[in-house]
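The values are calculated or read from the model by the stated rules, or taken from the named source; none is laboratory data. Please read these numbers as outputs of a predicted model, since none were measured by experiment. Because the Cβ atoms are built from the backbone with ideal geometry, glycine has one as well, and the counts that use them run over all protein chains shown. Note: areas computed on protein heavy atoms with side chains; ligands, DNA, RNA excluded. Shrake-Rupley method; radii C 1.70, N 1.55, O 1.52, S 1.80 Å.
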Amino acid sequence: MKRRVLFKAPLFICVFLIQNYSNVQGGQVENSLYNMQEKLTMEKHNLEKLRTQLQILETNKENEKPGRSKDFRTRARINGKGDNSQSIVINPNDNIEITKEIDEYDIPLYTLEATHAKIGDVLQALSAFLGKSILVDDEIDPAYLASYTNISVKKSPLQDIIEIVLGLQGLEFIQDENAIFITSVAKLKLDTPFEYYRDKSIQLYQKAKIKYPNDRRIVKAYFEIGNYYFELGFYFLALQEYQIVVGKYRDSSEAKEALFKIGRCYNKLKDLESARRAYFQFICNYPKDPLVSEALQSIGDSLAEQGFYHKAIDIYKKIIREHPENESRAVIDAQFRMAKTYMQMGDYRTAIPMFLKVRWKHFSEQTRLAIEYHIGNCLYSLNEYQDAGNVFVNYLASGQSLEFAENASFLLGECLYKQNDYLGAFQVFRKTIENYPKSNKIPYGMYYIGKCLMAMKMAKSAIKVFYDGMQSYPADICAAKMALEIGRCYFDKEDYLLSYKAFDNFIKEYPDDEFIVEGMVGKADSLFHGKKYAEAIDKYYELLKIANNDQIKPYLFNRIGECHKHLGNLEEAIKAYRQGLDNDKNTN
């Protein structure tokens, strides 16, 4: 898209892109904006604007006179406070009148009366009256500005006035403090004038690359186009532009930053090894640059991301050693990253004091709260549930927009459950599910809600929660756990027929689950307690064939002995008991 300045306010500067492009040309081609005809046109617009502004000043001066004429077109109004305030009226010509008034809420309202007036003249009057430049997209048909219109708008906000003037032709506008940019609805894909100007500057840079490929100053074009692509998230395209800067213009001032951004592009593209090579090259070429510490941090982060934790820690220690200021931001960032790396390694005892050391340093409030969450997570992983729960409570009570609020809420519920506070855990899990209805942790929360109900001897309610969870999230890992818990619920209720069916359903639905042996034990125990001893013996022997855990074998032999005892087979019972004792001794 092209644009042209229709009316230009004194404080707004809109020619910086044109000047930049003209510099690239090296003065060889005179820019068309400065030919004589356009100079005359601009002078004419400036003259008309000044004439309108002069009328405003004369109106204000006339209003100050004690005996001003009644036929002078200004009006007085009385506001809600009893003060007399003047409205401002201008007439740039006989066909246009614009009035500004302040309503009782101190909001400016405008009245526009235009009779057989050109659209261009109306926009010119608005530009002078408001002190804003009006920029019109060059792709808009010039005939629109020359067309005549009749408009009457009474006491409306400025935006409504402009929308009515432009809406007749299906046009839209963007405005900021100093300018109003007019374009078509189809072209209006940007939120701010800055984005429009940025895109236009990139177009000029692209043209300059084509027209002046051998000019040394063209490095600026490659660099800025790379920045443009990077901001849009097109990291591969940005990488190509930065590589040209580093390869062809390595002596330029842009080469240093381009090399650093090459590393950032590779990071965004998840090519971590290439990113590290770029950062190491930057460090070798510019060892004293302030960005060296940031490059080292990025290297450490990429090593940690790939699981090279000890190497990452060595990088962070290097940053700490090479910065004499113990409280510098680079050192604190390195300490923070090192603590997170220890946490990723599972060395929570080392991570906690490091987090405690840096949490009150030069971090934002959001980062400080994230550190609190990490401390709570470390304590939870160490099974120190009471301390972890206290940290999570303080974290959630901060009342701010929290990055880890969802995880912290679920972990708090589990901490309470582990401390046998089943009612508290139930309430936390239920509230968390209500607050995060789209969370992928809902099956996990439902599983623990059911466990809490079981612990509070509410087996019927627990079974319903487990069934609902299985039906709603059949593919989730917690679905198998809930199926197993249903069997346990019926078993606790001494309904051994339904517990047998539930355990059998778990075995059939989840044959590869890690708790399959527990399901088989539950099935056999249901037969035992249901006094089906012969069938129970068969199930216990099936379990002995697959049981890899030697600790469960004494239990199984004891159960077999109990079954034979109830059946009156005392010799078989004694034999099973002895086998159980022998296995128990071997295990010990």
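Which percent of Cα pairs goes in each bin when the distances of the stretch 317-376 are cut into 10 angstrom slices starting at zero?
All Cα pairs considered, the percentages come to 25, 54, 21, 0.
Apply the Karplus parameterisation 6.51 cos²θ - 1.76 cosθ + 1.60, with θ equal to phi minus 60°, to every residue of the stretch 225-235 and state each ³J(HN,Hα) to the nearest whole Hz, in sequence, with x for glycine and proline.
5, x, 4, 4, 5, 5, 5, 7, x, 8, 5
Per residue and in Å³, how big is the convex hull formed by the alpha-carbon atoms of the stretch 422-519?
86
Expressed as a fraction of 2.2 N^0.38 Å, the rule-of-thumb size for a compact globular protein of N residues, what is the C-alpha radius of gyration of the stretch 448-588?
1.13
Sort largest first and round to whole Å: the equivalent ellipsoid semi-axes of the stretch 342-396, each the square root of five times a Cα gyration tensor eigenvalue.
Semi-axes from the Cα gyration tensor: 17, 14, 8 Å.
Sequence-distant or interchain residues sharing an amide H contact under 5 Å with Ile180, placed H: which?
Ser133, Ile134, Leu135
Quick one: what are the phi-derived ³J(HN,Hα) couplings along the stretch 116-121, Karplus 6.51/-1.76/1.60 with θ = phi - 60°, whole Hz, x for glycine and proline?
Ordered by residue, 3J(HN,Hα) equals 6, 10, 6, 4, x, 5 Hz.
Quick one: which residues, 5+ away or cross-chain, put their amide H under 5 Å from the amide H of Ser398? H built at 1.01 Å from N.
none
Could you please put Tyr447, Tyr540, Tyr555, Tyr148 in sequence from largest to smallest accessible area, using a 1.4 Å probe?
Values: Tyr447 30, Tyr540 0, Tyr555 80, Tyr148 125 Å².
If we order Tyr447, Tyr540, Tyr555, Tyr148 from most to least accessible, we get Tyr148, Tyr555, Tyr447, Tyr540.
From the square roots a ≥ b ≥ c of the eigenvalues of the alpha-carbon gyration tensor of the stretch 310-411, which class results: rounded (a/c under 1.5), prolate (a/b over b/c), or oblate?
oblate
Tell me the accessible surface of Lys248 in square angstrom (1.4 angstrom probe, heavy atoms of protein chains only), to the nearest ten.
110
Treating the stretch 192-328 as a set of equal point scatterers at the Cα positions, no solvent, please give the Debye-formula log₁₀ I(q)/I(0) at q = 0.10 Å⁻¹.
-0.40
Toward the positive end of the charge dipole of the stretch 441-573, about the Cα centre and with charges on Cβ (Lys, Arg +1; Asp, Glu -1), which of Cys489, Ala534, Ala547 goes farthest?
Looking along the dipole axis, the top candidate is Cys489.
By the gyration tensor of its Cα atoms, with a ≥ b ≥ c the square roots of the eigenvalues, what is the shape of the stretch 493-569: rounded for a/c under 1.5, prolate for a/b over b/c, or oblate?
Oblate.
Specify which residue in the list Ser328, Ile202, Pro290 is farthest towards the positive end of the charge dipole of the stretch 197-340, using unit charges on the beta carbon of Lys, Arg (+1) and Asp, Glu (-1), about the Cα centre.
The Cα lying farthest towards the positive end belongs to Ile202.
Nearest 20 debye, what's the magnitude of the dipole of the stretch 206-258 about its Cα centre given +1 on Lys and Arg Cβ and -1 on Asp and Glu Cβ?
280
Looking at the stretch 233-340, which chymotrypsin sites (Phe, Trp or Tyr not before Pro) are in a loop (DSSP not H, G, I, E or B) and have at most 16 other Cβ atoms within 10 Å?
Phe234, Phe308
Which GluC sites (Glu not before Pro) from the stretch 325-394 combine a DSSP loop assignment with at most 12 other Cβ atoms within 10 Å?
Values: sites: Glu325, Glu327, Glu365, Glu372, Glu384; in loops: Glu325, Glu327, Glu384.
Answer in residue order: Glu325, Glu327.
Give the value in nm², to one decimal: projected area of the alpha carbon convex hull of the stretch 363-495, averaged over all directions. Each step should come with its number before you reach the end.
Values: hull surface 32.9 nm².
Averaged projected hull area, Cα only: 8.2 nm².
Taking θ = phi - 60°, what integer Hz values does the Karplus form 6.51 cos²θ - 1.76 cosθ + 1.60 yield along the stretch 328-343, in sequence order, with x for Gly and Pro?
Calculated HN-Hα couplings, in order: 5, 4, 4, 5, 5, 4, 5, 5, 5, 5, 5, 4, 5, 5, 4, 5 Hz.
How large, in percent, is the carbon and sulfur part of the accessible surface of the stretch 382-433 at a probe radius of 1.4 Å?
Answer for the stretch 382-433: carbon and sulfur cover 43 percent of the accessible area.
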